[in-house]
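Enquirer: Would you mind keeping the following structure in view while I ask a few things?
Just so it is clear, none of the values below were taken in a lab; they were calculated from the coordinates. Because the structure is predicted, anything quoted here is derived from the model rather than measured. Neighbour counts are summed over all protein chains in view; Cβ atoms, including those assigned to glycine, are modelled from backbone coordinates with ideal geometry.
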Amino acid sequence: MVQRNDQVVIDHRFRGPERSGNGGYVCGVIAEWIDGPAAIRLLAPIPLDVPLRRELDGETVRLRDDAQIYGEGRPVDEPLLLDIPIPPSLDDVARAAPHFPSAEEHILPECFVCGPKRDRPDGLCIYSGNHPDRPIAAALWTPDAALAGERGLVDPRFFWAALDCPSYFALGEPRPMALLAQLEGQLLRPVCPGEPLKVMGWPLGSEGRKHRSACALLDAKDEPVAMSRALWISFKSA
């Protein structure tokens with residue numbers, strides 16, 4: 001039985017591909033109605049600029065319309081435990097930066113999170129390059145004041161978004177063409193706009209078309225403020 005519902009519109013600003021929502025951002029919209037760690041499954045490309053229904057049914061939150069369920073999330077019983085690699089130094093980030101794809105090479109150059117054709121604050125502009133000597137993707141990110149929500153803190157939706165794309169680039173080269181299927185996330189503390197963060201993604205292994213990776217947002221003391229574990233599904237070969 002549905003206990004709660006409202007209407008949600010994923011604005012074109014928050015796109016990943018040109019015609020569908022960025023997966024991490026959409027996960028954040030679903031996770032708003034879940035307390036604590038959450039696991040969000042994305043079931044279909046999320047349409048933009050149309051009314052969708054967000055509903056709470058028991059412990060499950062769904063984003064849907066009358067024809068289709070686009071995503072659903074549930075609370076996770078245990079805290080998300082990740083073996084976080086040694087955090088990147090500023091030198092590591094600088095060495096990784098040249099390995100991020102250019103606007104001409106990027107497969108989604110207008111992605112809200114990682115698109116090199118977006119400018120701040122319209123996009124997050126998190127450019128996670130692959131480190132030449134370590135199996136990580138790393139970047140710096142300072143959330144803009146335009147990302148503030150209640151009480152002047154960074155809106156949690158944007159943490160979920162920031163945890164998405166770096167986990168894809170963490171899959172390394174040659175990188176599979178893949179879609180985000182599931183994102184498990186945990187926000188550990190609030191962040192004020194203007195606080196500089198390091199972003200680090202790393203691979204967890206692949207099996208067939210399934211690719212797993214993780215991501216952490218780290219503060220100036222290299223303590224995580226948010227982290228995630230992602231499942232990516234690569235496209236079937238023609």
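Enquirer: Just grab the label-to-label distance for Leu56 and Glu207, each label 7 Å out from Cα along the Cβ direction, in nm (one decimal).
Expert: A separation of 3.4 nm, rounded to one decimal place.
Enquirer: May I ask you to compute the full-extension gain from Ile84 to Ala220, defined as 0.36 nm times their residue separation minus their alpha-carbon distance, rounded to one decimal in nm?
Expert: My answer for the length gained is 47.4 nm.
Enquirer: Let me ask you something else. Given just the C-alpha atoms of segment 126-181, how large is their convex hull per residue in cubic angstrom?
Expert: Per-residue hull volume (Cα only) is 90 Å³.
Enquirer: For the chain, with only Lys/Arg (+1) and Asp/Glu (-1) charged at the beta-carbon, what is the dipole magnitude about the Cα centre, in debye rounded to 20?
Expert: 420 debye
Enquirer: A further question follows. Among Ala216, Pro135, Leu124, which residue has its Cα positioned farthest towards the positive end of the charge dipole of the chain, with +1 placed on the Cβ of Lys and Arg, -1 on the Cβ of Asp and Glu, and the dipole taken about the Cα centre?
Expert: After comparing all options, I get Pro135.
Enquirer: Please give the charge dipole size of segment 2-75, origin at the Cα centre, charges +1 on K and R Cβ atoms and -1 on D and E Cβ atoms. Round to the nearest 20 debye.
Expert: Dipole magnitude for segment 2-75 comes out near 160 debye.
Enquirer: Translational diffusion coefficient of segment 91-170 at 25 °C, 0.890 mPa s, Stokes-Einstein with Kirkwood Rh over Cα pairs, in µm²/s as a whole number.
Expert: 188 µm²/s
Enquirer: May I pose another question? Which whole-Hz ³J(HN,Hα) couplings does segment 166-172 yield from phi under the Karplus relation 6.51 cos²θ - 1.76 cosθ + 1.60, θ = phi - 60°, glycine and proline marked x?
Expert: My calculation for segment 166-172 gives x, 6, 6, 5, 5, 5, x Hz in order.
Enquirer: Now for a different question. When all C-alpha to C-alpha distances in segment 1-111 are sorted into bins of 5 Å, what percent of pairs does each bin hold, rounded to whole numbers?
Expert: Reading upward from the zero bin: 2, 11, 17, 17, 14, 14, 12, 8, 4, 1, 0.
Enquirer: Describe numerically, in nm with one decimal, the distance between label points set 7 Å from Cα along Cα→Cβ at Met1 and at Leu153.
Expert: For the pair Met1/Leu153, the computed spacing is 3.3 nm.
Enquirer: At 7 Å along the Cα-to-beta-carbon direction for both Asp122 and Cys192, put a label point, then send me their distance in nm to one decimal.
Expert: Result for the modelled spin labels: 3.0 nm.
Enquirer: Using the Karplus equation 6.51 cos²θ - 1.76 cosθ + 1.60 (θ = phi - 60°), what ³J(HN,Hα) coupling, rounded to whole Hz, does each residue of segment 32-44 give in order, writing x for Gly and Pro?
Expert: 4, 9, 10, 7, x, x, 9, 10, 10, 9, 9, 9, 6
Enquirer: Could you point to the label whose value was computed as mean projected area of the Cα convex hull in nm² for the structure here, given [x] 13.1; [y] 15.6; [z] 18.1?
Expert: [x]
Enquirer: Right, here's the next one. Which FRET efficiency value, to the nearest 0.05, do you get for Ser237 and Glu32 by plugging their Cβ-Cβ distance into 1/(1 + (r/R0)^6) with R0 = 41 Å?
Expert: Efficiency at R0 = 41 Å is approximately 0.65.
Enquirer: For segment 150-238, which trypsin sites (Lys or Arg not before Pro) pass both filters: DSSP loop (anything but H, G, I, E, B) and at most 12 other C-beta atoms within 10 Å? The partial results should precede the final answer.
Expert: Numbers: sites: Arg151, Arg157, Lys198, Arg209, Lys210, Arg212, Lys221, Arg229, Lys236; in loops: Arg209, Lys221, Lys236.
Within segment 150-238, the qualifying trypsin sites (Lys or Arg not before Pro) (loop, at most 12 other Cβ atoms within 10 Å) are Lys221, Lys236.
Enquirer: In addition: Before rounding to the nearest 500, sum -39500 (n - 2.57) across all DSSP H runs of length at least 4 in the chain and divide by the residue total; then give [θ] at 222 nm in deg cm²/dmol.
Expert: Mean residue ellipticity, 222 nm, calculated: -3000 deg cm²/dmol.
Enquirer: Count the net charge of all other residues whose Cβ sits under 11 Å from the Cβ of Arg41, scoring Lys and Arg as +1 and Asp and Glu as -1.
Expert: Surrounding charge for Arg41 is 0.
Enquirer: In the chain, once you exclude exposed GluC sites (Glu not before Pro) (DSSP loop, at most 13 other Cβ within 10 angstrom), what's the longest stretch remaining?
Expert: 106-238
Enquirer: First check a/c for segment 49-127, with a ≥ b ≥ c the square roots of the eigenvalues of its C-alpha gyration tensor; if it is under 1.5, answer rounded, and if not, answer prolate when a/b is larger than b/c or oblate otherwise.
Expert: Because a/c hits 1.5 or more and a/b fails to exceed b/c, segment 49-127 counts as oblate.
Enquirer: Still on this model: So what's the gap between the Cα centers of segment 55-89 and segment 24-50, to the nearest angstrom?
Expert: 7 Å
Enquirer: Restrict the search to segment 1-108; then list the trypsin sites (Lys or Arg not before Pro) that DSSP places in a loop and that have at most 16 other Cβ atoms within 10 Å of their Cβ.
Expert: Here the trypsin sites (Lys or Arg not before Pro) that fit, given the DSSP loop and packing criteria, are Arg19.
Enquirer: Amide H of Ile46 versus every other amide H placed in the peptide plane: which residues, excluding those fewer than 5 positions away on the same chain, fall under 5 Å?
Expert: Those lying under 5 Å, H to H, from Ile46 are Gly21.
Enquirer: Could you calculate the contour length gain from Glu18 to Asp66, that is, 0.36 nm times the residue separation minus the distance between their Cα atoms, to one decimal place in nm?
Expert: 15.0 nm
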